[in-house]
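The values are calculated or read from the model by the stated rules, or taken from the named source; none is laboratory data. Since the model is a prediction, treat every value here as computed from it, not as a measurement. In this analysis, Cβ positions are derived from the backbone assuming ideal geometry, glycine residues included, and neighbour counts consider all displayed protein chains.
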Amino acid sequence: MTADPGTTGAPVCPRHPDRVAYVRCQRCGRPTCPQCQRQAPVGIQCVDCVAQAAKAVPVQRTVFGGQVRGGRPVATYTFIVLCVASFVLQQVSSAWTTRWVFVPALGTEEPVRFLSSAFLHSPSQYTHIIFNMLALFMVGPYLESTLGRARFVSLYLLSALGGSVGALLFANPYSVEWVTGMYGASGAIFGLFGAVLVVLRRLGNDARGIVVIIAINAVLGFVVPGIAWEAHLGGLVVGLALGAAYAYAPRERRRQVAIGATVVTALVLVGLAWLKYASVPGWFEYVGG
């Protein structure tokens, strides 16, 4: 039987007046029921005092102004999981690849393909996804912890978009490449390479290793058939630009510069894509018709 606080005079929880609470918060001294109790280093605190204390703690920032988040590199692992899950779906059904692959001729009708293609890989060449995911696993956590999660996510997605736009800009609308599908996270990975290069230089660290990696992959893009070097270039340029904006922003304006650079980069990429399609005589009339 529940005790009646009004008749017994027993202390009650301020948040739940119908509950008797004999345990008191170590900070404010008010009664607190089991639901509102939080274990503290010494004794018990109520949820209100815990929330108030959390607001008083200053937000920790990374070296470039991003919010420090302890634990695992969640964004990096999320991108890896999405790519692997998408690869599994590609093995199950070829329609998954066909639906999301980037094809220049379909860019105006289905612009989502500019980004969705970065989560696809060659269904028959396992090395394609293995090398890309290995590179993401090696570089992603460092950038995520250095730049902050929000900046890292923006960098990855815009580099992926930059890869598709780069492929579009070099595609000949009067050849078979205009209707040829392209996929892979390489544009995003090259964007991370570019950002790592800038970050290392900004911190005064040795960047020769990443320069060698970029150079080797750049050469492979020209000598190995089937590799879209245009996408690599597009992602690299975006990564260098955003990396520079994030790393060299004035300390007192880092957040504003990060937001501005991200928005401007997105607008520039959209604008370049629009200009490419506009340069094809009658393209918009053809699509609209």
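Of the residues in the stretch 235-278, how many are of a type in the set (Phe, Trp, Tyr) and either under 22 Å from ARG202 (Cβ atoms) or outside any helix (DSSP H, G or I) (or both)?
Of the residues in that region, 2 qualify.
Report every pair of residues separated by at least 6 positions or lying on different chains whose Cβ atoms are under 6 Å apart, first residue within the stretch 156-173 and aliphatic (A, V, I, L, M) and buried (at least 24 other Cβ atoms within 10 Å of the Cβ), second in a loop (DSSP other than H, G, I, E, B) and modelled with pLDDT under 95.
Close Cβ pairs satisfying both conditions: ALA167/ALA228.
Among the listed residues ARG255, ARG251, ARG208, which satisfies the condition of being under 23 Å from LEU158 (Cα atoms) and among the basic types (Lys, Arg)?
ARG255
Taking the options VAL212, VAL237, VAL219, VAL176, name whichever one is hydrophobic (A, V, I, L, M, F, W, C), modelled with pLDDT of 90 or more and either in contact with a helix residue (DSSP H, G or I) (Cβ under 7 Å, 6 or more places away or on another chain) or farther than 27 Å from ALA95 by Cα (or both).
VAL237
Out of the stretch 110-129, which residues are among the charged types (D, E, K, R) and either under 13 Å from THR97 (Cα atoms) or in a helix (DSSP H, G or I) (or both)?
ARG113
State which residue pairs qualify: first residue touching a residue at least 40 places away in the same chain (Cβ under 8 Å) and within 30 Å of THR146 (Cα to Cα) and inside the stretch 76-99, second residue buried (at least 20 other Cβ atoms within 10 Å of the Cβ) and among the charged types (D, E, K, R) in any location, beta carbons under 9 Å apart, and separation of 6 or more residues or different chains.
THR76/GLU144
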